[in-house]
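A quick write-up on the structure given underneath.
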């Protein structure tokens, strides 16, 4: 059954400026004004109790679903968001905002620094996953929402969901961290670091001060190619490409002979058209620095919380292996939270969180229905 | 018990020039003169029946064991080669040569092209694993050896062992392919390709024509860093680094904060001092193009061979996963070869083939003793 699309949607902007509305970052630095790009779908009910916040991954943006005017590709999670879909816009008011530090409308290193009237470049302060969540909280308050039905995201989106659980557990009824970790392993840090090195090795990077001229496109493309390998699985690559040689293989010795090489180059080259290299540095650093546990074990941080949690992992995901999701669910259970865990049997690797929407839909739909019904009863008390 | 070292060893050179000694490559191209750097340890017996050929991996060289004059680090497999070690130089005559296309004494893209008196650069022809084996065969003949006791190597060295089995099965009594594959999966090709892209993205690469000036050091370092991540395992990185921060972390925003980052940068920077970027391109391409099966299944190619095979894999090796070694052993068994398989329970990932020398020593010592004894009896018949 073909589900309906949201049709044409538009990005909106929310700016908070001037102290005391200035953002105090977890590092202690201050930042302002801050603009947050966001999209909403569906209708906020009168009681403002049907809002869902979607949290995007490294290369995502606020455009989750529907189509931007004149574009032929829908948002990045259109399979999950829309009428009758997992996040049913006939029932729920769905919000997604571009993260702080990003390059798709929200304030980041490519924005203008009002103190100098020049692009921030590396003057942009180091931001954290917690800082991203802080901006989301301000957006939610601005929209008049006191408590979210759920916060949900995969990969770095899942880290934000965990940060919501740590920072603002009283502002959410539930959380759905997908294919994520409470902190990066050294292997995850290492992959990010090689991507950063590839960008910084590009002479066009110029210590981050490249906005007037050529961008470090080659370095960023290499970073993205590394990323893509880690998003797929050995099995999914074997299925998709095998050892097929490209038909249009040129005569140059080190051309892309194999289909898989051509695919990676294509994805790398496409990425640089829409993504900012400095944002890549800042965001991956935020992921590497993230540690939900910080000063004490999560089971102590989360003790007694009334937040319901659904943790989802994927069998072939070797970038965010299932054992990391099991650490999260273990902390939930030890803290006494109502939490469930599902490991989906997919061969898609880390990309599964974007692709296995049928299984995810079953899991999310029932979970959200229950959360909504309990939350409405609570509201009546 | 501390085993003895070989002491000081020396690299030797063997050159074959002029037709008909010119090398006809598998691509059809011709190459000459070709110099092969090699080292030997132990004594060749009078009957010339105690020779073992060791085959090195991507970044290896002819210097397997002992010390070069004035150097404090021994060869790359010193733990396995020497008096009383797995390849016991009191019993066996051990040979290792630098591969064709390499940059440690053998002819490669950084050699002088005698037709132009300039460095080959990208005029160097594409070489194959089979071409490397062809050079090794000429070296063996030059040393007066008719049949090798064994050919042994890990990773790309294992591919060469398989190529010996395909091309010259009558010239070997046995083969020991370790942590290898009969052909690269698309994931393995993809990792190589990103490394090549990183090198070619470096403006110092200049289409391979950089020998007069600065080498593409940053690109090669990034390629090596990617390699290092794939050589280790998630578990071994967690053991070695955890999330330890570096003590001497500078104030620069994107400095190496974590130990793992510092380690990767160090390994990357060190590698460029000893390795040629063009060789990296040619050698990884040879690995990606390698397919032991080629026209027909290996079990048919190998049918009825009298070569004994010992296949070794490592549990945590995700770059050359054990299933690839199982494909090799399966082909051996289907072809009716006397073959055994051992999967060593190591957490070191692909690096295990260099590090798990105790387990490897047990396996190799018994295997080689048996091969030697059977081969001596055969010789008497």
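Derivation of every value follows stated rules applied to the coordinates shown; laboratory data play no part. Since the structure is predicted, the reported quantities are computational estimates derived from the model, not experimental observations. Glycine gets a Cβ as well: all are built from the backbone with ideal geometry, and neighbour counts include every protein chain shown.
Data table
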| quantity | calculated |
| --- | --- |
| The protein assembly as shown - mean residue ellipticity at 222 nm from DSSP helices (-39,500 (n - 2.57) per run, n ≥ 4, rounded to 500) | -11500 deg cm²/dmol |
| Likely footprinting exposure, A:100, B:162, fewest C-beta neighbours within 10 Å first | A:100, B:162 |
| Per-copy distances of the residue A:209 label point, shortest first, in nm (7 angstrom along Cα→Cβ) | 3.4 |
| Two-site FRET efficiency, residue B:366 against residue A:26, from Cβ-Cβ distance with R₀ of 41 Å, rounded to 0.05 | 0.10 |
| Cα→Cβ-extended label distance, 7 Å offset, between residue B:206 and residue A:270, nm | 3.6 nm |
| Value in Å of the Kirkwood radius, where chain A supplies the Cα pairs that are averaged | 21.5 Å |
| Cut-off 20 Å, label 7 Å out along Cα→Cβ of residue B:116, residues of the stretch B:32-47 by amide N | B:32-35 |
| Chain A, relative contact order in percent, only Cα pairs under 8 angstrom and at least six apart counted | 17 percent |
| Antiparallel DSSP beta bridges within chain A, as percent of all bridges there, nearest 5 | 40 percent |
| Sorted by Cβ neighbour density within 10 Å, fewest at the top, the residues A:96, B:342 | B:342, A:96 |
| The stretch B:292-381, relative contact order in percent, only Cα pairs under 8 angstrom and at least six apart counted | 30 percent |
| Peptide B:263-270 - average C-beta neighbours from other chains (10 Å radius) | 2 |
| Inter-probe distance in nm under a simple model that places probes 7 Å from Cα toward Cβ, at residue B:343 and residue A:355 | 2.4 nm |
| DSSP bridge orientation in the protein assembly as shown - percent antiparallel, rounded to nearest 5 | 35 percent |
| Inter-copy spacing of residue A:69 label points, which lie 7 Å from Cα along Cα→Cβ, given in nm from shortest upward | 7.8 |
| Separation of the residue A:4 and residue B:167 label points, Cα + 7 Å toward Cβ, nm | 6.7 nm |
| Which of A:178, B:329, A:283 has the fewest Cβ neighbours within 10 Å, and the rest in rising order | B:329, A:283, A:178 |
| Other copies of residue A:366: label-to-label distances in nm, shortest first, labels 7 Å along the beta-carbon direction | 5.1 |
| Computed over the protein assembly as shown, the ratio Rg/Rh where both radii use C-alpha atoms and Rh is Kirkwood | 1.03 |
| Average beta carbon contacts from partner chains per residue of A:221-228, 10 Å cutoff | 5 |
